[in-house]
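Just below is one structure, and these are the notes that go with it.
The values are calculated or read from the model by the stated rules, or taken from the named source; none is laboratory data. Keep in mind that this is a model prediction, so the values were computed, not measured. Counting neighbours? That spans all protein chains shown, and the Cβs are built from the backbone with ideal geometry, glycine included. These accessible areas exclude ligands, DNA and RNA; they are computed on the full protein's heavy atoms, side chains included. Shrake-Rupley method; radii C 1.70, N 1.55, O 1.52, S 1.80 Å.
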Amino acid sequence: MLTLPELRQRLTEDGILICLNGPFSHSIIEELGNAVKKYLENEELQKTAMMDVFSVYIEATQNVRNYASRPDLDDAARVQAGQGIVVISREGDHHVVRCGNLVRLEDGKALSERLEALRGLDKAALKALYKEHLRRELPPGARGAGLGLVEMARKASAPLEYRLTPAQEGFLLFSLRVTI
Amino acid sequence: MDNLHIVPTGSSPLVDFDAETGLLRLSGESYPENALEFFRPILAWISAFLERDTRPLTLELRLTYMNTSSIKSLMDILDDLEDAHQGGREVRLHWYCDEDNGRALEMAEEFREDLTLPFQIIPEKAAP
């Protein structure tokens, strides 16, 4: 068990500004988002950089909410999927947003395929993909526009990084890392 | 037609649509829990206004931040306005941006790329 001084040292060494580990409700996302804005204002970041970090934070956390709200998840899966972890840190000149949540085993493949496809695209191709997705018709009952990952890829200064690691029975931990 | 008025929250915009003057205002933050659902009545109101009426429509936007689902909903609204414009209806879009926020300006310009309706981008000092 890490002591508080050890935890504090670790967080400081890793440049971690904000960390939330727990259930992601809309109001928690909003409240933490306000804290994120205040922190970044204090850093005297350019407004553009601040907006980029904020929007990646919102897209990442709302993706977790939207996944957990999918009608095809059973109650047990829903509880697991709604737990997340989000970390915002500073690494040199860049801010990094990392977000993790549990996904069902069967959803892992589609997710990694989407991410691999995005990782291979340059700025122009990402813009084209974004515009194409912006115009496509959404299935009835869609909770989100399906643009979050592309948007994060556009705001990032490097290809999106991700990991899918085994978690409890039937689930993988999906971790996303966005460098801005 | 009734006016449409929705009070803003920390994550959803002020909606102030006046059926008499044809002035439609949207301002504030937009990242509600379910943006598609939030914008549905807004889209419906605009459709109805365009259908039942012939008077000009002016859409004034002062949106400080939009999540991607809000952007998608806005795109649907602007597509309707573009169709109306191409059909000869008088529609205007005034997009106000925080002059210090390059991203907001970029987004407005990106939207304008694909539209022919009268579309003004107006940089403004942000409210303190």
For the stretch A:16-111, report the accessible area per residue in Å² (1.4 Å probe, heavy atoms, rounded to an integer).
46
Restricting to Cα pairs under 8 Å and 6 or more apart, the percent relative contact order of chain A works out to 24
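With every protein chain present, what is the per residue accessible area of chain B (1.4 Å probe, Å²)?
46
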Tabulate in residue order the Karplus-calculated ³J(HN,Hα) for the stretch B:8-17, using 6.51 cos²θ - 1.76 cosθ + 1.60 with θ = phi - 60°, rounded to whole Hz; enter x for Gly and Pro.
x, 10, x, 10, 9, x, 6, 10, 9, 10
Neighbourhood charge, 12 Å Cβ-Cβ cut-off, centred on residue B:20 and excluding it, Lys, Arg +1 and Asp, Glu -1
-2
Rel. contact order, % - alpha carbon contacts under 8 angstrom, at least six apart, the stretch B:19-128:
27
Under 29 Å from residue A:127, Cα to Cα: lysines that are on another chain or at least 8 residues apart
A:37, A:47, A:109, A:155, B:72, B:125
Quick one: among A:41, A:151, A:169, which has the greatest mean-square fluctuation in a GNM of chain A with alpha-carbon springs under 10 angstrom?
A:169
16 Å cut-off, amide nitrogen to a point 7 angstrom out along residue B:99 Cα→Cβ, residues in the stretch A:26-58:
A:47
Once phi is turned into θ = phi - 60°, what whole-Hz ³J(HN,Hα) does the Karplus curve with 6.51, -1.76 and 1.60 give for every residue of the stretch B:99-105, x standing for Gly and Pro?
5, 8, 10, x, 5, 5, 4
Order these peptides, A:97-103, B:58-64, A:121-127, by their mean beta-carbon neighbour count within 10 angstrom, highest first.
A:97-103, B:58-64, A:121-127
What 222 nm value per residue comes from the helices of chain A, counting each DSSP H run with n ≥ 4 as -39,500 (n - 2.57) and dividing by all residues, nearest 500 deg cm²/dmol?
-16000 deg cm²/dmol
Computed FRET efficiency, Cβ-Cβ of residue A:43 and residue A:21, R0 25 Å: what is it to the nearest 0.05?
0.65
For residue A:4 and residue A:105 in the same chain, what is the full-extension length gain: residue separation times 0.36 nm, less their Cα-Cα distance, in nm?
32.9 nm
In whole Hz, what ³J(HN,Hα) sequence does the stretch A:89-97 give by Karplus (6.51, -1.76, 1.60; θ = phi - 60°), x for Gly and Pro?
9, 10, 10, x, 7, 10, 9, 10, 10
Considering amide H positions built from the backbone, and no H for Pro or chain starts, which residues 5 or more places from residue A:171, or on another chain, come under 5 Å of its amide H?
A:105
Taking the Cβ of residue A:14 as the centre, find all other residues whose Cβ is under 10 Å away and add up their charges (Lys, Arg: +1; Asp, Glu: -1).
0
Using a 1.4 Å probe on the protein chains only, how many percent of the accessible area of the protein assembly as shown belongs to carbon and sulfur?
52
